[in-house]
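Please read the structure below before turning to the comments.
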């Protein structure tokens, strides 16, 4: 793989293949205890709704990369990846309350999708001296599409019964593709007592994958938006204050939003909502950062005691594009972690505390508040938060071989 020629260009190459065969099966039952007896329906198991979904996705790819070291300090890299995938979904739904017990008769449907394409990258980097290196990268990328894990609707739809299924345009989502530009610099000074990185980037996104819901049943799915952009920068620095005391810090800024109008991008039980240019994308925080301090106390016989403190900041996150359709803004939060580590040549023991201040924070949202409907004091469906793990004490040991 190497051809080191004295005083001439050096090249490095990589060639490979990839294959992935992913299968998943889902079987869902919903029960309404006591309802069948109250309504006079012969359904002693109280099974009100059932669905089955079988997904299969096969992905194949070949890739290659070639690097040339043209002159001292200058390096050029080019690469490609050809991908091809197929996805199949088969499934159905059943309403057992309207069927003869004990049978569960599913209305089955299926669909297929697939795509292929080629992505590539070009990179140039230059080391000005042993302490400073700058680089520039232009690349394209993709994220594989596939089938949503929802039973397909049986067409035509029966308006007199309830449904929790995916319409033909909700069964699949396409791959999203990007064009990426990144410019960065890395360096170290004072015999590596100060090490830093700084990089800025711009990502143009097409067919961006975003969370959505089905029209029937309000089931969570993945959908495609029209176009978006994600731009920002990130920085990190590590300072060795003394031989035994180091401090590191990171910061990242991200501005990710739609750039084109996307009709019916967000939907729920109350209707559909468009995505508009400027609407912030879900799942991304604009600001995030961390500060980590580490102090080592040397002991005799190769032993040491290590004190560690980490503070992390996570900015606010949207659950839906532009907060459309009853989206929720998850507030920012700060967490702290402390650890005490005893090291020997053969083993080490950690005593740690995660989320030291017992910070409460929402980290994810299930469905949206439009799905909360109360009838006779009972809330139908659900709307839920996932929250940060509370203060946790732990003891961890490791053995070195």
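The values are calculated or read from the model by the stated rules, or taken from the named source; none is laboratory data. Nothing here was measured: the structure is a model prediction, and the numbers come from that model. Cβ placement follows ideal geometry from the backbone for every residue including glycine, while neighbour counts extend to all protein chains displayed.
One table, with the values for the structure above:
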read-out: Residue in the stretch 67-89 that is surrounded by the fewest Cβ atoms within 10 Å (Cβ to Cβ), counting only those that are in a strand (DSSP E or B) and out of contact with any strand residue (DSSP E or B) (no Cβ under 6 Å at 6 or more places or on another chain); value: 71
read-out: Boolean, residue 254 is part of a loop (DSSP other than H, G, I, E, B), touching a strand residue (DSSP E or B) at 6+ places or on another chain (Cβ under 9 Å) and buried (at least 17 other Cβ atoms within 10 Å of the Cβ); value: no
read-out: Yes/no for residue 221 being under 26 Å from residue 116 (Cβ atoms), in contact (Cβ under 8 Å) with a residue 60 or more places away in the chain, in a strand (DSSP E or B) and in contact with a strand residue (DSSP E or B) (Cβ under 7 Å, 6 or more places away or on another chain); value: yes
read-out: The one condition in (1) modelled with pLDDT under 90; (2) under 24 Å from the mean Cα position of the chain (by Cα); (3) part of a loop (DSSP other than H, G, I, E, B) that residue 401 fails to fulfil; value: (2)
read-out: Within the stretch 30-66, tally of residues that are in contact with a helix residue (DSSP H, G or I) (Cβ under 9 Å, 6 or more places away or on another chain) and surrounded by 12 or more Cβ atoms within 10 Å (Cβ to Cβ); value: 11
read-out: Number of the exception - residue 166 against (1) surrounded by fewer than 19 Cβ atoms within 10 Å (Cβ to Cβ); (2) over 18 Å from the mean Cα position of the chain (by Cα); (3) touching a residue at least 24 places away in the same chain (Cβ under 8 Å); value: (1)
read-out: Qualifying position, being out of contact with any helix residue (DSSP H, G or I) (no Cβ under 9 Å at 6 or more places or on another chain) and modelled with pLDDT under 95, among 294, 224; value: 224
read-out: Checklist (1) at negative phi; (2) touching a strand residue (DSSP E or B) at 6+ places or on another chain (Cβ under 9 Å); (3) in contact (Cβ under 8 Å) with a residue 40 or more places away in the chain; (4) not assigned by TED's automatic domain parsing to the domain that holds residue 298 applied to residue 161, failing item; value: (2)
read-out: Residue match in the stretch 135-154 (condition: surrounded by fewer than 20 Cβ atoms within 10 Å (Cβ to Cβ), touching a residue at least 60 places away in the same chain (Cβ under 8 Å), more than 26 Å from residue 280 (Cβ to Cβ) and out of contact with any strand residue (DSSP E or B) (no Cβ under 6 Å at 6 or more places or on another chain)); value: no
read-out: Where a residue in the stretch 173-195 is under 30 Å from residue 150 (Cβ atoms) and its partner, wherever it lies, is exposed (fewer than 14 other Cβ atoms within 10 Å of the Cβ), with Cβ under 8 Å and at least six apart; value: 175/117; 177/117
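One line per residue, one yes/no per condition, for (1) crowded, with 18+ Cβ neighbours inside 10 Å; (2) in contact (Cβ under 8 Å) with a residue 60 or more places away in the chain:
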residue	(1), (2)
267	yes, no
276	no, no
287	no, no
295	no, no
298	no, no
317	yes, no
321	yes, yes
328	yes, no
337	no, no
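Here's the yes/no breakdown for (1) over 24 Å from residue 388 (Cβ atoms); (2) part of a loop (DSSP other than H, G, I, E, B); (3) under 18 Å from the mean Cα position of the chain (by Cα):
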{"site": "302", "(1), (2), (3)": "yes, yes, no"}
{"site": "305", "(1), (2), (3)": "yes, no, no"}
{"site": "308", "(1), (2), (3)": "no, no, no"}
{"site": "312", "(1), (2), (3)": "no, no, no"}
{"site": "336", "(1), (2), (3)": "no, no, no"}
{"site": "339", "(1), (2), (3)": "no, no, no"}
{"site": "342", "(1), (2), (3)": "yes, no, no"}
{"site": "349", "(1), (2), (3)": "yes, no, no"}
